[in-house]
1. So how exposed is Phe17, as accessible area in Å² (1.4 Å probe, rounded to 10)?
2. Using a 1.4 angstrom probe on the protein heavy atoms only, line up Leu114, Leu7 by accessible area, largest first.
3. Counting only the heavy atoms of the protein chains, how much of Arg54 is accessible to a 1.4 Å probe, in Å² to the nearest 10?
Amino acid sequence: GIYISHLPYLGKWDLRFEAPYTNEKAYPGGAYTNHGYRDGFTNKGQLIGYWIGRDSAGYQGWLTYWLNPKEKLQFQYRDAKLDKTLWNGGGTQTDLSVKLVKRLGDDIEFQGFLQFERYLIPILYPNAQHNFSTSFQIMWNPKFEKYTKR
(Lines give C-alpha, C1' and ligand atoms only; values in the text may rest on other atoms or scores of the structure.)
Protein backbone atom coordinates (compact mmCIF):
# COMPACT_ATOMS: atom_id res chain seq x y z
CA GLY A 1 0.00 0.00 0.00
CA ILE A 2 0.85 3.65 -0.21
CA TYR A 3 -0.05 6.64 1.95
CA ILE A 4 0.44 10.27 0.93
CA SER A 5 -0.24 12.49 3.93
CA HIS A 6 -0.47 15.77 1.96
CA LEU A 7 -1.28 15.80 -1.73
CA PRO A 8 0.76 18.36 -3.70
CA TYR A 9 -1.05 21.72 -3.90
CA LEU A 10 -3.94 20.21 -1.89
CA GLY A 11 -2.67 20.51 1.68
CA LYS A 12 -5.88 19.34 3.38
CA TRP A 13 -6.20 16.15 1.31
CA ASP A 14 -4.54 12.79 1.90
CA LEU A 15 -4.60 9.56 -0.11
CA ARG A 16 -4.31 5.90 0.88
CA PHE A 17 -4.18 3.10 -1.65
CA GLU A 18 -3.57 -0.64 -1.41
CA ALA A 19 -3.69 -3.51 -3.88
CA PRO A 20 -3.56 -6.96 -2.24
CA TYR A 21 -3.12 -10.15 -4.22
CA THR A 22 -3.40 -13.63 -2.74
CA ASN A 23 -2.63 -16.46 -5.10
CA GLU A 24 -1.95 -19.79 -3.40
CA LYS A 25 -1.17 -21.45 -6.75
CA ALA A 26 2.03 -19.40 -6.79
CA TYR A 27 3.10 -21.09 -3.52
CA PRO A 28 2.47 -24.84 -3.95
CA GLY A 29 2.72 -26.92 -0.83
CA GLY A 30 1.82 -24.07 1.50
CA ALA A 31 -0.74 -24.76 4.17
CA TYR A 32 -2.64 -22.61 6.65
CA THR A 33 -2.95 -23.80 10.22
CA ASN A 34 -4.56 -22.20 13.23
CA HIS A 35 -2.88 -23.21 16.47
CA GLY A 36 -2.80 -19.87 18.26
CA TYR A 37 -6.48 -18.96 18.60
CA ARG A 38 -8.78 -21.23 20.59
CA ASP A 39 -11.85 -19.33 19.34
CA GLY A 40 -11.10 -19.87 15.64
CA PHE A 41 -9.85 -17.09 13.42
CA THR A 42 -11.13 -14.43 15.81
CA ASN A 43 -9.72 -12.49 18.73
CA LYS A 44 -12.33 -11.99 21.46
CA GLY A 45 -15.10 -12.19 18.85
CA GLN A 46 -13.42 -9.82 16.38
CA LEU A 47 -12.62 -11.37 13.00
CA ILE A 48 -8.92 -11.59 12.17
CA GLY A 49 -8.13 -11.46 8.51
CA TYR A 50 -8.12 -9.35 5.42
CA TRP A 51 -10.90 -8.20 3.14
CA ILE A 52 -9.50 -9.73 -0.02
CA GLY A 53 -9.77 -13.41 0.88
CA ARG A 54 -8.11 -16.43 -0.71
CA ASP A 55 -6.94 -16.57 -4.34
CA SER A 56 -8.24 -13.11 -5.07
CA ALA A 57 -7.01 -9.69 -6.14
CA GLY A 58 -8.28 -6.20 -5.51
CA TYR A 59 -7.57 -2.61 -4.78
CA GLN A 60 -8.92 -0.02 -2.40
CA GLY A 61 -8.39 3.70 -2.05
CA TRP A 62 -9.37 6.43 0.39
CA LEU A 63 -9.30 10.13 -0.40
CA THR A 64 -9.73 12.24 2.74
CA TYR A 65 -10.39 15.96 3.10
CA TRP A 66 -9.45 17.22 6.57
CA LEU A 67 -11.78 20.01 7.70
CA ASN A 68 -9.54 20.34 10.77
CA PRO A 69 -7.51 17.83 12.86
CA LYS A 70 -10.70 16.28 14.36
CA GLU A 71 -13.12 16.52 11.40
CA LYS A 72 -12.98 14.89 7.99
CA LEU A 73 -14.85 13.95 4.85
CA GLN A 74 -13.63 10.65 3.40
CA PHE A 75 -14.35 8.95 0.07
CA GLN A 76 -13.57 5.29 -0.53
CA TYR A 77 -13.55 2.97 -3.56
CA ARG A 78 -12.94 -0.78 -3.35
CA ASP A 79 -12.89 -3.52 -5.96
CA ALA A 80 -12.29 -7.25 -5.38
CA LYS A 81 -12.04 -10.07 -7.92
CA LEU A 82 -12.49 -13.74 -7.00
CA ASP A 83 -10.39 -16.33 -8.84
CA LYS A 84 -12.43 -18.25 -11.47
CA THR A 85 -10.68 -21.57 -10.86
CA LEU A 86 -11.22 -21.60 -7.11
CA TRP A 87 -14.67 -19.99 -7.13
CA ASN A 88 -16.94 -21.43 -9.82
CA GLY A 89 -17.45 -18.51 -12.21
CA GLY A 90 -15.32 -16.13 -10.18
CA GLY A 91 -16.86 -12.95 -8.90
CA THR A 92 -16.58 -9.21 -8.47
CA GLN A 93 -17.44 -6.93 -5.58
CA THR A 94 -17.28 -3.16 -5.92
CA ASP A 95 -18.31 -0.49 -3.46
CA LEU A 96 -18.23 3.27 -3.09
CA SER A 97 -18.65 5.04 0.22
CA VAL A 98 -18.46 8.41 1.89
CA LYS A 99 -17.93 9.13 5.59
CA LEU A 100 -18.27 12.39 7.50
CA VAL A 101 -16.84 13.03 10.98
CA LYS A 102 -18.05 16.35 12.40
CA ARG A 103 -17.66 17.83 15.89
CA LEU A 104 -20.88 19.32 17.24
CA GLY A 105 -19.24 20.65 20.38
CA ASP A 106 -16.27 20.00 22.62
CA ASP A 107 -17.63 16.63 23.74
CA ILE A 108 -20.11 15.61 20.99
CA GLU A 109 -19.16 14.06 17.65
CA PHE A 110 -21.35 13.07 14.69
CA GLN A 111 -20.34 10.34 12.22
CA GLY A 112 -22.33 9.61 9.08
CA PHE A 113 -21.66 6.87 6.50
CA LEU A 114 -23.17 6.02 3.09
CA GLN A 115 -22.22 3.04 0.92
CA PHE A 116 -23.31 1.68 -2.45
CA GLU A 117 -22.24 -1.86 -3.33
CA ARG A 118 -22.47 -3.99 -6.47
CA TYR A 119 -21.47 -7.62 -6.55
CA LEU A 120 -21.63 -10.41 -9.06
CA ILE A 121 -20.84 -13.86 -7.68
CA PRO A 122 -22.51 -16.38 -10.03
CA ILE A 123 -22.22 -19.26 -7.55
CA LEU A 124 -24.52 -17.26 -5.21
CA TYR A 125 -26.73 -15.35 -7.67
CA PRO A 126 -26.69 -15.47 -11.49
CA ASN A 127 -27.23 -11.70 -11.85
CA ALA A 128 -25.48 -8.69 -10.37
CA GLN A 129 -26.79 -7.62 -6.98
CA HIS A 130 -26.87 -4.07 -5.58
CA ASN A 131 -27.36 -2.68 -2.13
CA PHE A 132 -27.16 0.59 -0.30
CA SER A 133 -26.43 1.08 3.36
CA THR A 134 -26.17 4.03 5.67
CA SER A 135 -25.41 4.59 9.30
CA PHE A 136 -24.87 7.40 11.71
CA GLN A 137 -23.79 7.75 15.28
CA ILE A 138 -23.52 10.48 17.84
CA MET A 139 -20.81 10.08 20.44
CA TRP A 140 -20.72 11.90 23.73
CA ASN A 141 -17.36 12.09 25.46
CA PRO A 142 -17.96 13.94 28.71
CA LYS A 143 -14.99 15.50 30.42
CA PHE A 144 -14.85 14.64 34.10
CA GLU A 145 -12.65 16.78 36.25
CA LYS A 146 -10.19 14.90 38.38
CA TYR A 147 -10.19 15.91 42.01
CA THR A 148 -6.85 15.71 43.73
CA LYS A 149 -8.07 16.58 47.23
CA ARG A 150 -7.61 13.86 49.80
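1. In the full protein context, Phe17 sits at about 90 Å².
2. Values: Leu114 80, Leu7 30 Å².
Sorted by accessible area, descending: Leu114, Leu7.
3. The value for Arg54 is about 130 Å².
The values are calculated or read from the model by the stated rules, or taken from the named source; none is laboratory data. This is a predicted model, so every value here is computed, not measured. Surface accessibility is based on the protein's heavy atoms, side chains included, excluding ligands, DNA and RNA. Shrake-Rupley method; radii C 1.70, N 1.55, O 1.52, S 1.80 Å.
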